[in-house]
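Chemist: Okay, here's the structure, questions in a sec.
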Amino acid sequence: MAYYKDLREFTKALEANNKLVRIKREIDKDTELMPLVRWQFRGLPEVERKAFLFENVVDVNGRRYNIPVLVASHAASREVYAIGLMCKPEEIVEKWAEAQHHPIEPRIIDNGPVHEEIHLGDKLLEHDG
């Protein structure tokens, strides 16, 4: 069974399948980000829905955030969901049934992208928590 190595690889797969919208302009997380996503779910046919990657996020006070925000990346549509499961949309139910009958034990790792930035104890507040 194949899996994405990480969220970055999955994001590239969404982009390769024309299911990712990159928004590079400044976007206010408090007033603009979620209304765009809500508009998509309420106003677009499912086949036109995509994930959004907001790359320049600020808040209503102008504070900048140094990480992008990925939304609607797992369930914007059956097509997006199928990309996440590495299958065709019509194979989603079968894929879930297979997973439920053959669970995989978690693997603990000592290094990797997940460990790029670690904050413990009082250091959790260094980046405003």
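Chemist: Which number gives the lysine pairs in the chain that have C-alpha atoms under 20 Å apart and are eight or more places apart or on different chains?
Modeler: The number of close lysine pairs in the chain is 11.
Chemist: Given only helices, namely DSSP H runs of n ≥ 4 each adding -39500 (n - 2.57), what is the per-residue ellipticity at 222 nm of the chain, to the nearest 500 deg cm²/dmol?
Modeler: -9000 deg cm²/dmol
Chemist: Taking Rg and Dmax of the Cα atoms in Å as the quantity of interest, determine which of (i) 16.4, 49; (ii) 14.2, 44; (iii) 17.4, 49 was computed from the displayed structure.
Modeler: (iii)
Chemist: Going toward the positive end of the dipole of the chain, with +1 on Lys and Arg Cβ and -1 on Asp and Glu Cβ, which of Leu20, Tyr3, Asn66 do you reach last?
Modeler: With unit charges placed on the Cβ atoms, the residue in question is Leu20.
Chemist: Could I ask something else about it? Measuring from centroid to centroid over Cα atoms, what is the spacing of segment 1-29 and segment 35-86 in Å?
Modeler: 9
Chemist: Can I ask one more? For segment 49-129, which GluC sites (Glu not before Pro) are in a loop by DSSP, counting at most 11 other Cβ atoms within 10 Å?
Modeler: Filter output for segment 49-129: Glu116, Glu117, Glu126.
Chemist: Follow-up. Determine the relative contact order of segment 7-96: mean sequence separation of Cα pairs under 8 Å and six or more apart, normalised by residue count, in whole percent.
Modeler: Normalised by residue count, the contact order of segment 7-96 is 26 percent.
Readers should treat all values here as calculations from the given coordinates under stated rules, not as data from a laboratory. Treat the numbers as computed from the prediction; the structure is a model and nothing was measured. Here Cβ is always computed from backbone atoms with ideal geometry, including for glycine, and neighbour counts include all displayed protein chains.
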